[in-house]
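Structure first, then comments.
The values are calculated or read from the model by the stated rules, or taken from the named source; none is laboratory data. Computed from a predicted model, the values in this text were never measured in an experiment. As a convention, Cβ positions derive from the backbone with ideal geometry for all residues, glycine included, and neighbour counts pool all protein chains shown. Calculation scope for accessible area: heavy atoms of the full protein, side chains included, ligands and nucleic acids excluded. Shrake-Rupley method; radii C 1.70, N 1.55, O 1.52, S 1.80 Å.
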Amino acid sequence: MTKRVILVVEDEESIADPLAAALRREGFDVVTAVTAAAGLEAFRTRSPDLVLLDVMLPDGDGRDLLRQIRTSSRTPVVMLTARGEEMDKVIGLELGADDYVVKPFGAAELVARIRAVLRRTAAPAPAEGSELAIGDVVMDLRTRTVRRAGAPVELTLKEFELLRMLMEQAGTVVRREHLMDEVWDPNWFGSTKTLDVHVSSLRKKLGDDPAEPRYIHTVRGVGFRFSSPEELGTSSP
Ligand code: CA
């Protein structure tokens, strides 16, 4: 079982240090950042399982970072707010935070909240050896095979990774840049047309009609979105 990675974006050492120590004791892998910029960088490079995000950061507002994270990811975010920032709680949750804690908080309380959020947001977490199942599309991450309505779908490596990213964030738009960065080399200089070619091929193999897609929707100028389990009319396990 691999350790869950928690990204702590907090500039106050008196909070961040004991917090990181407590999380490590609880068996989490901890990545820390003291600015919003470093936080975004760490988010992109480390793909944490959960983010603890301070509102007041030296180079900006934690809520702006939350907004940026939400353009491409549903990774759970717990806001760390100062006492009296009542509006921040509301705004943070409206922006897509999963929970918040008010400083000062006890480590035990925070760990309990983190575990609750991770449990709540677990499906469809891509744990190794598990399945991603949305509607009648089932992806086995261990054997790297895909089935649709029980029938095997033969995918190339890139198509598989593309589908995995879309299904992991089903219901939300995954930005073109994000897909390009994750599925192709970040320093890849080729045309982004490649992405469209792969999506088109993926649709064909899934039996999706580009004019009336059931699985993969194009969000013009932004990216692509895989249908949510609700849209496909089946609840995932
Ligand atoms: Ca702060």
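Considering only the stretch 119-135, how many residues are at pLDDT below 80 and among the acidic types (Asp, Glu)? Going through the stretch 119-135 one residue at a time, the tally reaches 1.
Rundown of residues vs (1) within 21 Å of Glu109 (Cα to Cα); (2) open to solvent by 10 Å² or more (accessible area, probe 1.4 Å); (3) in contact with a Phe, Trp or Tyr (Cβ under 9 Å, 6 or more places away or on another chain), yes/no style:
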site: Glu26; (1), (2), (3): yes, yes, no
site: Thr35; (1), (2), (3): no, yes, no
site: Gly39; (1), (2), (3): no, no, no
site: Leu50; (1), (2), (3): yes, no, yes
site: Gly60; (1), (2), (3): no, yes, no
site: Leu65; (1), (2), (3): no, no, yes
site: Ile69; (1), (2), (3): no, no, yes
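For the stretch 1-24, filtered to residues that are more than 16 Å from the ligand (Cβ to nearest atom), surrounded by fewer than 17 Cβ atoms within 10 Å (Cβ to Cβ) and of a type in the set (D, E, K, R), the residue that is farthest from Glu109 (Cα to Cα) is Lys3. Helices (runs of 4 or more DSSP H) fully within the stretch 1-117 that include at least 2 residues being closer than 22 Å to Gly171 by Cα and at pLDDT 85 or above: 36-46, 62-70.
Checked against the criterion of being polar (S, T, N, Q) and modelled with pLDDT of 90 or more, the candidates Thr218, Thr234 yield just one match: Thr218. Taking the conditions (1) among the aliphatic types (A, V, I, L, M); (2) within 18 Å of Arg147 (Cα to Cα); (3) open to solvent by 30 Å² or more (accessible area, probe 1.4 Å) in turn, Val197 satisfies each one other than (2). Annotation note: Cβ proximity below 6 Å between a residue of the stretch 1-12 that is touching a residue at least 24 places away in the same chain (Cβ under 8 Å) and a residue that is β-branched (Val, Ile, Thr) (sequence gap 6+ or interchain) occurs for Ile6/Val30; Leu7/Val31; Leu7/Val51; Val8/Thr32; Asp11/Val34. Taking the criterion of being closer than 17 Å to Ala36 by Cα and within 24 Å of the chain's Cα centre (by Cα), the residues of the stretch 10-26 that qualify are Glu10, Asp11, Ala16.
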